[in-house]
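The values are calculated or read from the model by the stated rules, or taken from the named source; none is laboratory data. In this text, all values refer to a predicted model and were calculated from it rather than measured experimentally. Heads up, the Cβs are rebuilt from the backbone with ideal geometry, glycines too, and the neighbour counts pull from every protein chain shown. With ligands, DNA and RNA removed, areas are computed over all heavy atoms of the protein, side chains included. Shrake-Rupley method; radii C 1.70, N 1.55, O 1.52, S 1.80 Å.
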Amino acid sequence: RLRSASSCGSPAVAAMAPRWAAAALPSAALLLLPLLLAVASAGLSGYFGTKSRYEEVNPHLLRDPLSLGPAAAGSRLPAACAPLQLRALLRHGTRYPTAGQIRRLGELHARLLRRPAAAAAGCPAAADLAAWQMWYEESLDGRLAPQGRRDMEHLARRLAARFPALFAARRRLVLASSSKHRCLQSGAAFRRGLGPSLNLGSDEVEVEVNDSLMRFFDHCAKFVALVEENDTAMCQVNAFKEGPEMRKVLEKVASALCLPVEELNADLVQVAFLACSYELAIKNVTSPWCSLFSEEDAKVLEYLNDLKQYWKRGYGYDINSRSSCILFQDIFQHLDKAVEESKSSKPISSPLIVQVGHAETLQPLLALMGFFKDDEPLKANNYVRQMHRKFRSGRIVPYAANLVFVLYHCDQVKTSKEEYQVQMLLNEKMMFFHHSNETISTYADLKDYYKDILENCHFKEECALPKVNITAVDEL
């Protein structure tokens with residue numbers, strides 16, 4: 001049986017919103033259009049969810065992509081602590097849209113191109129978008145963009161600057177990835193970012209494929225059957241698509257494009273919004289697609305994205321996070337081994353472990369550990385109450401998101417328990433541990449806090465399908 005945070009109620013009743021009249025811009029305003037677009041993009045960029053640039057969570061990188069930023073300054077450990085092992089879980093860098101997203105964007109763009117010239121003349125937004133070149137091809141299908149390679153190279157250089165002892169010459173780097181091209185290429189870019197001077201083995205980049213850890217969700221039969229392939233599991237998402245907040249955005253976009261509202265749906269509007277996000281992330285330009293949306297619209301569309309992440313990868317169903325315990329336990333097995341080697345005065349066999357996966361790899365793991373959990377579940381009917389929610393996927397897993405565990409050996413300590421300590425960083429910022437509300441924990445205390453997951457979460461048993469086929473949402 002799959003437990004959920006909440007079952008679905010009736011879909012929210014769609015409220016009719018006043019139409020936003022699109023008027024032709026005067027000629028003077030046309031000269032200001034690039035500036036207006038730039039302002040539009042600046043207001044929207046914080047709401048792109050999992051399609052957000054990494055710079056949204058670390059704005060200082062816009063000025064200097066190699067800057068460690070203000071967060072690094074206050075995170076020093078006592079001088080008597082030396083790092084033993086770094087385990088980094090990375091989301092791939094900036095990518096192109098998937099083939100499905102490209103098809104839907106092409107469909108929407110084609111509708112604008114088919115409009116009669118007379119109708120387009122009174123609709124400047126539609127005319128701008130009809131003139132926009134549809135340059136995405138389905139062959140790009142989620143592949144790593146050039147910006148994504150830069151994301152990874154710069155991240156590697158920042159981590160090496162922050163932990164120079166671990167990234168020193170002749171240190172062994174274990175590099176693994178999911179089988180997806182964008183992850184393999186991200187791993188190779190990360191290795192290149194470290195440069196030849198670090199002498200981390202051969203110049204040839206070898207990235208081990210490990211889908212059992214980086215795509216554990218594909219190997220979890222219960223998750224696949226009851227969440228991934230079960231439409232009723234996304235009832236909150238579907239209800240929000242039909243609700244008053246999305247209806248208002250839908251009508252506004254239809255009016256701006258001078259299209260009948262019946263020709264649009266929530267998925268097409270979301271594709272238009274994502275087109276704005278992709279142009280910013282991939283090309284660092286403000287797309288004319290951005291002009292369709294206000295900041296209020298962006299907040300609604302971000303919530304739609306977060307609802308999907310919550311119910312499919314976050315706290316919505318227990319199996320979402322429980323399926324990640326195979327990765328969680330692997331992290332601690334390697335930390336255990338490093339502690340044992342240190343106690344025996346042996347060299348640390350794996351001082352650097354870097355693994356590249358997906359937002360879908362990191363989000364369930366963070367939920368398993370209890371991070372970014374709101375008091376109330378995200379639902380279709382509590383958008384306003386969730387305006388200040390902790391669960392904002394763009395802040396947690398943007399492109400190039402990274403979760404880093406650092407194990408230290410500390411001398412001059414009062415007790416043997418304090419000899420081994422751990423820090424966790426998310427997107428290069430220290431995380432506060434739940435059990436202490438501190439950014440540093442003894443390794444023993446951390447293991448004790450997560451004792452139940454480490455001892456009692458067994459992937460095979462967690463992911464076994466129930467004997468009775470459960471499909472109804474009230475059973476989920």
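Rounded if a/c is under 1.5, else prolate if a/b is larger than b/c, else oblate: which is the range 384-464, with a ≥ b ≥ c the root eigenvalues of its Cα gyration tensor?
Taking the square roots of the gyration eigenvalues as a ≥ b ≥ c, the range 384-464 is oblate.
Which Cys residues of the chain have no other Cys Cβ less than 4.7 Å away and so no disulfide-compatible partner by this rule?
When partners are defined as cysteine Cβ atoms under 4.7 Å apart, the chain leaves Cys183 without one.
Which sequence of Arg313, Arg149, Arg103 reflects their accessible areas, 1.4 Å probe, from the largest down?
I get Arg103, Arg149, Arg313, largest accessible area first.
Could you please state how large a percent of the accessible area of the range 334-428 is carbon and sulfur, counting protein chains only and using a 1.4 Å probe?
46 percent
If you compute Rg and Dmax of the Cα atoms in Å for the structure shown, which of (i) 29.1, 111; (ii) 22.2, 71; (iii) 23.9, 81 do you land on?
Given (i) 29.1, 111; (ii) 22.2, 71; (iii) 23.9, 81, the structure-derived one carries the label (iii).
By the gyration tensor of its Cα atoms, with a ≥ b ≥ c the square roots of the eigenvalues, what is the shape of the range 276-349: rounded for a/c under 1.5, prolate for a/b over b/c, or oblate?
Judged from the Cα gyration tensor, the range 276-349 comes out oblate (a/c at least 1.5, b/c at or above a/b).
Could you derive backbone 3J(HN,Hα) for the range 441-450 from the dihedral phi with the Karplus parameters 6.51, -1.76 and 1.60 (θ = phi - 60°), listing whole Hz in sequence and x where the residue is Gly or Pro?
Going residue by residue, I get 9, 5, 5, 4, 5, 5, 5, 5, 5, 9 Hz, with x marking Gly and Pro.
Please determine, in degrees from 0 to 90 and to the nearest 10, the orientation of helix 325-343 with respect to the longest principal axis defined by the Cα atoms of the chain, where the helix direction is its Cα long axis.
The helix 325-343 is inclined about 30 degrees to the chain.
Measure nothing fancy, just the Cα-based angle from helix 266-278's long axis to the longest principal axis of the chain, in degrees from 0 to 90, nearest 10.
Once rounded, the angle reads 60 degrees.
Can you give the charge dipole size of the chain about its Cα centre, rounded to the nearest 20 debye, using +1 on the beta carbon of Lys and Arg and -1 on the beta carbon of Asp and Glu?
So the dipole magnitude of the chain works out to roughly 660 debye.
A 28 angstrom limit on the alpha carbon distance is what I want to check against. Which of Lys337/Lys460; Lys299/Lys447; Lys390/Lys460; Lys343/Lys373 exceed it?
Lys299/Lys447; Lys390/Lys460; Lys343/Lys373
Along the charge dipole of the chain, Cβ charges K/R +1 and D/E -1, which of Met424, Ala367, Thr286 sits furthest on the positive end?
After comparing all options, I get Thr286.
Expressed in nm to one decimal, what extension gain is obtained for the pair Trp132 and Glu242 from 0.36 nm per residue of sequence separation less their Cα-Cα distance?
36.7 nm
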